[in-house]
Structure formats: structure tokens, C-alpha cells
Amino acid sequence: MGKRTVLYDTHVAMGAKMVDFAGFDMPLHYGSQIEEHHQVRRHAGIFDVSHMVVVDVLGAGARDYLRYILANDIDKMAHRGSALYSCMLNEQGTVIDDLIVYFIDSQHYRIVLNAGSAQKDLQWMEQHVKHYALGLHRRDDLSILAVQGPETIALLTALNDPFITDTIHTIARFQCADSDDLFIARTGYTGEDGFELIVPNKRVVALWEQLCAAGFKPCGLGARDTLRLEAGYNLYGQDMDESTSPLCSNLAWTIALQPAERLFIGKSALLAEKEHGVTQQLVGLVLADKGILRSHQRVLLADGLEGETTSGSFAPTLGQSIAFARIPKGDYKECEVIIRDKAHKAHIVKPPFVPFNSSKNP
């Protein structure tokens, strides 16, 4: 038996198929993964993502600490209520984890870590605290819900909660706001507009039931994975990890090399990699033949070089099989993927496969 979120019994009562994910018993789906995928693309869905770990960084040294430990620069967040996506790197310039950091005030930042890497993340973060006046506070008293899809704002507005209504109509994407018992961020992992809600554990069951009653349909991790893949979002542990740098993982845009005087962990290694030339790239594949793309399949290129898929699945929105693949640097347009010992043609494309907020951008 794995660890459980506060909503475990609620998921079971709703008929969820529970599976192990990062040591947690989590809902894979509530009946049909494909229907849940379409629900988010076309209407609105709700996910329990409370397996992820909230860490509050508190103290006068918080800003300087985060500017050192993250590859992106939190000074890009010009005002309170901003959010920033970043990688956290080791000295070799490879990815320990990717995360979102929220700017609550000058001495309070909030980080949300991936469940599977949270323990090593915290150990790494603790190693670098001693030179800064701050504390790291793991918030196991909090749960996280994600509400995503084109009908999200309408359904949240119908709750008639003044704080929720005011917040969702005023904050832009990658902004956040908080009250005494509700933190709202306009972020997500599906490629659709939506919000992530962080609440005390004691409130999460009632909030989940309220949101379901309002019209949000429960969705499991299966749909979350196909949604994020279509949206071109990397998954830590598959599309990047401690063997890869952001420069070969479609994440160069998350690295802030300026101002030049800012030092951060991994910067020297990234500069050296850029100087010597990045040798690999992460690309998108769309299968031209019948079959299903999965991770760790061989990718054959016309010049005899090879690569490997990192994530792959059938894409319900497109009705085709898609994947990420890490291949040598070069201007490739086509390739072959080995599926069950047979070569299948695929087109090489630049992610995302489905544009953000696709229902409004057909």
C-alpha cells in the first residue's frame, strides 16, 4: 500500500482505478481515460495533485537563495502574485527537477515540487541553505487541486465565492493570489486555461465535492499525461533528468544567463555546453503509420544516426500517436521508429502538438 492523499477514500467511492505513482495510490481514471481527456479539452475537469509537495521559503535571504539555486531568475517576477517556471540544476548543469515558484512577498516564496523527486529536491535545497537567512518549510498540511478546461472560469464563477470570483477574473496566466485558507494560481499542466488551488487538508474534501457539484468532472493521471504530452510539456524522469541539461530538453528558454553577474548552480556547465555546441535536441514525433509510440523506442534517422523516444502515447485530440524523442542535432524532417521490431514512419515536428487553450484556438 502506497501513501495516500486526503482524497483517497473519495476517489475510491467515485469508482477510480487506483495505481501506484511516485509511491502514492492515485487515480488513473474514473472509467474512461479518453473521455476524461476530452472533458478537459472541451469542457472542464478536476485533478487531485496533492501528491506534489509544497515548500514555503521564508526569510530575508529567500530572494538571494532562489536566484542561486534556480536556473531561471526570480527577479523576472516583478511584483507579488507572480509565478515562474524553472529548472533546478546540479553543478554539471543537468536537471534535478523542474518546478514552479510563486512570489507571495519579499520574504515568502512558495515552490511546488514533483512527487517522485521531492525527497532528493529537499535534500539538495537543504544543502545550500546555510549561507542564507531563511527556512524551508514543507507543507504537508496542504492539498492541491487542479481545475482545467475552457469552462473553468464559468464554473468557478457559479460558486459565488467573492474571493474566487474576484481572483479568477483579475489574475493573468502565471499569476497567483491567496487568502487565509485558499491559494489560487493560474497555472496548470494540461495546455488549457485553468487554476491550481492549494488548500488546507481539512478543507479539501468539501472543496472537491463542491467543485464536482458545480460541474467539474473528476479526471485521473492517465488523462493528465496525454494532455501534457499534447501540450508539449516535459515530464521529469522521462523527458529530462540528471543525465540531460535544459539545453537538449527544449528548456533553454527557462535559463536566465543575464544579468551576467548572477551566479547560479550549473551556470558554468551550461556556458561550457553552449561554447562546445549542444549535440542533442528534444523533438516531437507524429506517427504516420498505425501503431502506438511509447518511451524508449529507437528512432532511426536518414543519415544513419539514431535517437530514442522519451514519452509517447495516442493523442486523443489529434487521433494520432505522438511522442517526444531525443535525437542528434540537425535539421531532420522525417524518421522511422522501431515498434515491435518493425520500422514505422514518423514526421518530426516542433511541440506543442496542440496549441494552448486549443478550444479557443482551433
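None of the figures in this text is laboratory data; all of them are computed from the coordinates on show. What you see is a predicted model, and the numbers here were worked out from it, not measured in a lab. A quick note on method: Cβ atoms are made from the backbone with ideal geometry, for glycine too, and the neighbour counts reach across all protein chains shown.
Under 20 Å Cα-Cα from K120, which lysines qualify once same-chain neighbours fewer than 8 residues away are excluded?
The reachable lysines, counting only those whose Cα sits under 20 Å from K120, are K3, K130.
Would you mind working out the magnitude of the charge dipole of region 42-87 relative to its Cα centre, with +1 at each Lys and Arg C-beta and -1 at each Asp and Glu C-beta, to the nearest 20 Debye?
160 debye
Please report, to one decimal in angstroms, the Kirkwood hydrodynamic radius of region 151-226 built from all distinct Cα-Cα pairs.
About 13.1 Å for region 151-226.
Can you give me the long-range amide H partners of A315? Hydrogens built in the peptide plane at 1.01 Å from N, cutoff under 5 Å, separation of 5 or more residues or another chain.
Those qualifying (amide H under 5 Å, at least 5 residues apart or on another chain) are Q320, S321, I322.
Mind telling me which of D241, D97, D75 comes out most flexible in a GNM of the chain, alpha-carbon contacts under 10 Å?
The residue with the greatest mean-square fluctuation here is D75.
Of I74, T94, L134, which is farthest along the charge dipole of the chain in the positive direction, counting Lys and Arg as +1 and Asp and Glu as -1 at C-beta?
T94
Is region 194-314 best put as rounded, prolate or oblate by its Cα gyration tensor, with a ≥ b ≥ c the root eigenvalues, rounded for a/c under 1.5, and otherwise prolate when a/b is larger than b/c, oblate when not?
oblate
Could you give me the percent of Cα pairs per 5 Å distance bin for region 1-133, shortest bin first, beginning at zero and ending with the bin that holds the maximum distance?
Reading upward from the zero bin: 2, 9, 16, 17, 15, 13, 12, 9, 5, 1, 0.
Please state the relative contact order of region 150-257 as a whole percent: Cα pairs under 8 Å, 6+ residues apart?
19 percent
Cross-link partners among lysines for K217, C-alpha distance below 17 Å, same-chain residues fewer than 8 apart left out?
The reachable lysines, counting only those whose Cα sits under 17 Å from K217, are K17.
Please tell me the relative contact order of the chain in percent, rounded to the nearest whole number, where contacts are Cα pairs under 8 Å and at least six residues apart.
19 percent
List the aspartates and glutamates whose alpha-carbon lies under 14 Å from that of K329, not counting same-chain residues fewer than 8 positions away?
Of all the aspartates and glutamates, those that pass the test against K329 - Cα under 14 Å, at least 8 places apart if same chain - are E273, D303, E306, E308.
Assign unit charges at the C-beta atoms only (+1 for Lys and Arg, -1 for Asp and Glu), then state the dipole size of the chain relative to its Cα centre in Debye, rounded to the nearest 20.
I would put it at about 420 debye.
Could you compute how fast the chain diffuses translationally, taking Rh as the Kirkwood radius over C-alpha pairs and applying Stokes-Einstein at 4 °C with viscosity 1.567 mPa s? Give it in µm² per second.
So the translational diffusion coefficient is about 61 µm²/s.
Could you work out the relative contact order of region 272-362? I mean the mean sequence separation of Cα pairs under 8 Å and 6+ apart, divided by the number of residues, in percent.
33 percent
To the nearest 20 debye, what is the magnitude of the charge dipole of region 246-311 about its Cα centre, counting +1 on the Cβ of each Lys and Arg and -1 on the Cβ of each Asp and Glu?
Numbers: 6 positive and 7 negative charges, 46 e Å.
Roughly 220 debye, rounded to the nearest 20.
What does the helix-only formula give at 222 nm for the chain: each DSSP H stretch with n ≥ 4 adding -39500 (n - 2.57), the total divided by the residues, and the result rounded to the nearest 500 deg cm²/dmol? Kindly include the intermediate steps, with their values, before the conclusion.
Values: 9 runs with 81 residues, N = 362.
Result for the chain, helices only: -6500 deg cm²/dmol.
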